[in-house]
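> Here it is: the structure, laid out below.
Nothing in this text is a laboratory measurement; each read-out follows from the coordinates by a stated rule. Owing to the predicted nature of the structure, the values given are computational and were not obtained by experimental measurement. Heads up, the Cβs are rebuilt from the backbone with ideal geometry, glycines too, and the neighbour counts pull from every protein chain shown.
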Amino acid sequence: MPLETLTGSCLCGSVKFEVKPPLSDFRYCHCRRCQKASGSAHAANIFVPQSQLKWLTGETLITRFDLPDAKRFAVWFCSRCGTRVPHKVRGRDDYLVPAGVLDQDPAMRPQNSIFWDSKAPWYVEPREIPKFSEYS
Ligand SMILES: [Zn+2]
Ligand SMILES: [Zn+2]
């Protein structure tokens, strides 16, 4: 069954885009750069060919940061609310889509965790800690 087109948006709703499946890859990245850029233990990165992503609104509000000296690492974000949005991967025909900004379930699930050896020392597997539906 062909998957529906997915949409994504930033926290303030200024930047919107759509993604046409199939998605190429979905992985958690535990590298130090992703920890910094996400402010979290790891990034959740989806990759799609450039031709499958279309900006709907707010493209001019996107601030682009290419990490100096990095081959590919970049962060694009909404200049109003700071939410990370997809960025074109330098030197590749791909967009990296931060999974958390998608508005629907992408159906695909993460395939692997990369840069596992540089994971945050405070990272624990979610299954190891209690879960609550809201603030506990
Ligand atoms: Zn925004
Ligand atoms: Zn990374």
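> Given the chain, what percent of its DSSP beta bridges are antiparallel, to the nearest 5?
Numbers: 28 of 31 bridges.
Of those bridges, close to 90 percent are antiparallel.
> Turning to a different aspect of this structure: Go through K16/K36; K54/K88; K16/K71 and tell me which ones have a Cα-Cα distance over 20 Å in this structure.
Over 20 Å Cα-Cα: K16/K36; K16/K71.
> What is the extension gain from A41 to S133, computed as 0.36 nm multiplied by their sequence separation minus the C-alpha to C-alpha distance, in nm to one decimal?
31.1 nm
> Now for a different question. Taking a ≥ b ≥ c as the square roots of the eigenvalues of the Cα gyration tensor of segment 1-55, is the shape rounded (a/c under 1.5), prolate (a/b larger than b/c) or oblate?
oblate
> With an 8 Å Cα cut-off and a minimum separation of 6 or more residues, compute the relative contact order for the chain in percent.
29
> Same structure, new question: Kindly provide the helix-only [θ] at 222 nm of the chain, computed as the sum of -39,500 (n - 2.57) over DSSP H runs of four or more divided by all residues, to the nearest 500 deg cm²/dmol?
Numbers: 1 runs with 7 residues, N = 136.
The helix contribution divided over the chain gives -1500 deg cm²/dmol.
> Could you tell me which of A37, M108, H87 has its Cα farthest along the dipole of segment 1-120 towards the positive end, charges placed at Cβ (Lys, Arg +1; Asp, Glu -1), taken about the Cα centre?
My answer, from the dipole projection, is A37.
> Also, I was wondering about something else. How big is the dipole moment of segment 21-136 about its Cα centre under a simple scheme where the beta carbon of each Lys and Arg is +1, that of each Asp and Glu is -1, and everything else is neutral? Debye, nearest 20, please.
Here the size comes out at about 300 debye.
> Please return the longest stretch of the chain lacking exposed loop sites, where GluC sites (Glu not before Pro) count only if DSSP places them in a loop and at most 13 other Cβ atoms lie within 10 Å. Intermediate results must be reported in sequence, preceding the final value.
Working: sites that count: E4, E134.
Formally, the longest exposed-site-free interval is 5-133.
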